[in-house]
Structures are given as structure tokens and as C-alpha cells.
Amino acid sequence: MLRRCAKKIAFYMHRKGVRSMQKNEIIKYIKSDFGESFNEQLLESCVVDLIDPCNVIIYDSHSDSYTFGHFRYQEHLASEEISSNREVDILELLFDDWWRGALCLYAQENDFCSLIEECYNKYGSVKRARITLDAMIKNTIKSKRPRHLEIFNNYSSLSDFEAGLYEDSYLDDWDDPNDLIR
């Protein structure tokens, strides 16, 4: 239960784009996320235990708030939440630089070829996610890297090809660009 709470809290903090939070805000979040399934006293106790004796969440006297200490640890726990929670929309995270570290850690443990395909299918291109996908490919298991790279390059090529079809020079040959649709 402590591990589940830690992953949820780290993901929540990462989603909010923060490295630290007030203890009462952490407790409020955990209660709202798990409230239906678990007793509020148990959830509050989990947060307290994550602080002491576990030292997973630590007090930062400079900001008078609580943090996971090293930012990479927060990213690690957030990546574990991404891996275990099917409700997380990973696609939306691809375009946010803040999530790159967590997604690279995710890539070390998960096959994400379908994510590349989903990105292309939803957005018609993988170009906007190029930096993050490239970093994820570099962080995946070495034996799986060529497959991920091949899929990424194939979808990049498709994006380039389709973009070339609709360049202005191509459309100049038509009286009405809408004729392409008819």
C-alpha cells in the first residue's frame, strides 16, 4: 500500500509540474484518489509512514514542504505509475519536456512501439514528439532499440511523404485545392 501511495503521489506531483507539496495537499489528494476503496485513516497513515520511518517523502525546510528528495526518484515513481495505470494517456505526455525523464525510465521497462503508432494515428505525424521518442529509444533495452528505431523511422518517413503530397507547389497545379478531395 505504501508503494502504491508513493507512485500515485509522485505521478500527481509530476502531473502538476511540481517537485514539492504541502503535507495536507498530499493527504487530500490520496484521499480523493483512493477514498472509495480505503479508509481515510489508513491513507493518512500511509502518507505519514512514507515520511517517517520510510523517508521516501522528505521534509524540505527551505520550502516548508515535502518532496521525494532527488527529482529522478520522483520520475522513477511516476514512470512506475504510468506502467501500472492503464488510465494514463501517455500520448499527451510525449509533447511535454517535463515528462521526458519519466518516459525514458518507462522505456527501460516497457515496449512502446504501439505508442509510436498511436502518436502517428492520432496526430498524423511523430515529428512533434521526435525529441522525446528519440530519448526513449536511446533508453530502451539495447536489443529492442533497432525495432523501435525502425518503427519510428517508418512513421517519420510517412509523415514526410504525406507532407510532401500537400506542399504548395503541388497544389499550384489545381484550380481549386478542394478538388483533391473530390
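Quick rundown of the values:
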{"quantity": "17 Å Cα-Cα reach of Lys127 towards lysines, excluding residues that sit fewer than 8 places from it in its own chain", "calculated": "Lys138"}
{"quantity": "Protection proxy ranking of 47-57, 32-42 - average other beta-carbon atoms within 10 Å, highest first", "calculated": "47-57, 32-42"}
{"quantity": "The chain - Rg and Dmax from Cα coordinates, angstrom", "calculated": "21.5, 74"}
{"quantity": "Sparsely packed trypsin sites (Lys or Arg not before Pro) within the range 5-94, loop by DSSP, other Cβ within 10 Å at most 14", "calculated": "Arg86"}
{"quantity": "Convex hull volume of the range 1-97 per residue (C-alpha atoms, cubic angstrom)", "calculated": "98"}
{"quantity": "Heavy-atom accessible area per residue - the chain, 1.4 Å, Å²", "calculated": "59"}
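The values are calculated or read from the model by the stated rules, or taken from the named source; none is laboratory data. Computed from a predicted model, the values in this text were never measured in an experiment. Virtual Cβ from ideal backbone geometry, glycine too; neighbours counted across all protein chains shown. Just so you know, the surface numbers come from the protein's heavy atoms only, side chains and all, with ligands and any DNA or RNA stripped out. Shrake-Rupley method; radii C 1.70, N 1.55, O 1.52, S 1.80 Å.
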